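The values are calculated or read from the model by the stated rules, or taken from the named source; none is laboratory data. Quick caveat: nothing in here was measured; it's all calculated off a predicted structure. Note that we place each Cβ from the backbone using ideal geometry, even for glycine, and neighbour counts take in every protein chain shown. Please note that ligands, DNA and RNA were not included when accessible areas were found on the heavy atoms of the full protein model with its side chains. Shrake-Rupley method; radii C 1.70, N 1.55, O 1.52, S 1.80 Å.
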Amino acid sequence: MKGIKDSYAGVGRMDLSILIPVFNVESYLSELLDTLLPDLPALTEVIFYDDYSPDNSLAVIRQYQQSYPNVNIRVLCGQKNLGITQVRKCLLQASHAEYVWFIDSDDRIERQAVEQIQAILNQHHPDVVLFDYDVFLDGCGKVKYHEHLSIAPANTLLHQKSGELYRFAIMDGKHYFWNKVFRRILVTDVSHFTIPAYEDIANTPTVLNQCQTYFYYPRTLVHYRIWPDSIVQKMSLKQAYGIEAYLIQADYADVVVGDKKCCAYLLYKAHLYYFRLCRKLAKINLPEKEKAAILLLAKQLYARKRLSTCATASLLMRTGMWGKAAKLMLKSGLARLSGK
């Protein structure tokens, strides 16, 4: 790929590519790689993309590459910082495997997780494997919550009917890349890596909608880390793109899927996300110029919504979500009182 150095050594066909974006995660990488790399199954490769990290993340990866000479490890080195969305795109383009699994470089995975996933892929050949996860706090390691997916039956190959996976991703909020292993061609066919952040909301439900078969494995395989400097936690311009992600998905739900309830819920999420962002900006300690830039972008993205607050509340009521309609009108009223 142009502008990217790739240590690809010419390995043959791969069944699974594990795709890991890397930026300023020097202190977390060893915890992930100590469980990921030992006993990695054959025909599995790990592809890292170092997004021009100013820390020693790349040196840590190189050290593990030397320590595991028999593991298929590839390292892509960007010549400038691209951001998470473009890095995911580059990683996907680098893979030629049948399946792909995006893992965040600051998370933990269970030992033998890859082996368990490979066994499912080899036996059942689903379009996607979904599994449980938990969320823990950086530093203290306290588990905030365990997520057990509401899919039944488990441990069997299922055939999607009438967009049920799409509704699951939207209505249950399970739109993450990292607790799903996808058939690669499905991701490349429908994903648009143009949004600077929150690309999982913008893309994952769309990919799930294309899956004809799926397999739910009811085991916690990923431990998701919450830390202050992550994109989701740290206030920056990228936070505003959550609004765009919900609006992109709302259009898809309405035009492609034809699901009015999902569309209403996504518009509801976009409204509430905007109101919450404005409240956070009013309270947070940031330079006024930076605050103004984030607020301006948020307003510009929010203006792209197809329905007003009242029209969205009406759609929520028509699709049976009366409680959410009431909450939206309450939050909208509070936002008007605060001048947002």
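Observations on the model:
- Within region 27-45, the set of residues being assigned to a helix (DSSP H, G or I) and over 21 Å from the mean Cα position of the chain (by Cα) comprises S27, S30, D34, T35.
- Qualifying residue in region 258-279 (condition: of a type in the set (F, W, Y) and over 24 Å from Y166 (Cα atoms)): yes
- Taking the listed residues F215, F275, the one that is outside any helix (DSSP H, G or I), modelled with pLDDT of 95 or more, of a type outside the set (D, E) and in contact with a helix residue (DSSP H, G or I) (Cβ under 8 Å, 6 or more places away or on another chain) is F215, with no other qualifying.
- Taken over region 68-82, the criterion of being over 26 Å from the mean Cα position of the chain (by Cα) and exposed (fewer than 12 other Cβ atoms within 10 Å of the Cβ) is satisfied by P69, N70.
- Of the candidates I226, I248, the single residue that is touching a helix residue (DSSP H, G or I) at 6+ places or on another chain (Cβ under 7 Å) and in contact (Cβ under 8 Å) with a residue 40 or more places away in the chain is I248.
- Residue pairs whose Cβ atoms lie under 6 Å apart, sitting 6 or more positions apart in sequence or on different chains, and linking a residue in region 59-71 that is at negative phi to a partner that is aliphatic (A, V, I, L, M) and at pLDDT below 95, are V71/L40.
- Restricted to region 83-201, the set of helices (runs of 4 or more DSSP H) holding at least 2 residues that are under 29 Å from E244 (Cβ atoms) and open to solvent by less than 10 Å² (accessible area, probe 1.4 Å) comprises 84-94, 164-171.
- For region 10-51, the set of residues classified as of a type in the set (S, T, Y) and open to solvent by 10 Å² or more (accessible area, probe 1.4 Å) consists of S27, Y28, S30, T35, listed by residue number.
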